Amino acid sequence: MSMPTQGSGLDSGHHIDAGASHTADEVRGSSIGDLMRQVTTDLSTLMRQEVELAKAEIRQEGKKAGKAAGFFGGAGFGGYMVALFLSLALWAGLSNVMDAGWAGLIVAVIWAAIAAVLYSMGKKNAQRVRGLKQTNDSVQRIPDALKPHPEGVTR
């Protein structure tokens, strides 16, 4: 028993299968209605595939952007803590030049280092966000797919 396979693209009723490549003789033997139905089906399939590609890319790039935003948020909080502890250290250091002031300065330096690391990580992740490259490349090729090719049907 043999398995069914995709045919040559034409059956006895001159129906053209979606996605099949056709010779000039096959196309000449088809009705205008069949050809228009095939073009409509192919364009509909192409548009659905482009929308699915765009959705997948948006999800993928959105995750990267979210991670970068988290690191930038951490860097912002770190920067806030630097300002807070530097202010406290300056106040404590000037008011009584005691150990408490220097301790505040040490904490502020630690927060400055944390903020720098988080900023660096956020910047690195933000550079990985590249937009919808595959969808953009694919959509730019659509007009070429609609143009007649020399090896195709001649008028």
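The values are calculated or read from the model by the stated rules, or taken from the named source; none is laboratory data. These numbers come from a predicted model, not from an experiment. Note that each Cβ is placed from the backbone with ideal geometry, even for glycine, and that neighbours are counted across all protein chains shown.
Summary of computed values
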item	result
Identity of the residue in the range 82-95, buried (at least 17 other Cβ atoms within 10 Å of the Cβ) and among the aliphatic types (A, V, I, L, M), that ends up nearest to Ala115 (Cα to Cα)	Val82
Matching residues, the range 101-129, being modelled with pLDDT under 75 and exposed (fewer than 14 other Cβ atoms within 10 Å of the Cβ)	Trp102, Ile106
Residue among Gly33, Gly13, Gly29 that is exposed (fewer than 11 other Cβ atoms within 10 Å of the Cβ) and at pLDDT 65 or above	Gly33
Yes/no for Ala115 being within 27 Å of Arg130 (Cα to Cα), in a helix (DSSP H, G or I), among the aliphatic types (A, V, I, L, M) and in contact with a helix residue (DSSP H, G or I) (Cβ under 8 Å, 6 or more places away or on another chain)	yes
Among the residues listed as Lys55, Lys133, Lys64, the single one being over 30 Å from Glu26 (Cα atoms), modelled with pLDDT of 85 or more and exposed (fewer than 15 other Cβ atoms within 10 Å of the Cβ)	Lys55
Pair list, Cβ under 6 Å, 6 or more apart: the range 116-133 residue closer than 12 Å to Lys67 by Cβ and charged (D, E, K, R), other residue modelled with pLDDT of 85 or more and in a helix (DSSP H, G or I)	Arg128/Lys64
Any pair with Cβ under 6 angstrom, 6 or more apart, that starts in the range 56-70 at a residue that is farther than 16 Å from Gln134 by Cβ and ends at one that is of a type in the set (Asp, Glu)	none
Evaluation of Gly74 against (1) at pLDDT below 90; (2) of a type in the set (Gly, Ala, Ser); (3) surrounded by 15 or more Cβ atoms within 10 Å (Cβ to Cβ); (4) over 30 Å from Gln49 (Cα atoms) (one fails), failing number	(1)
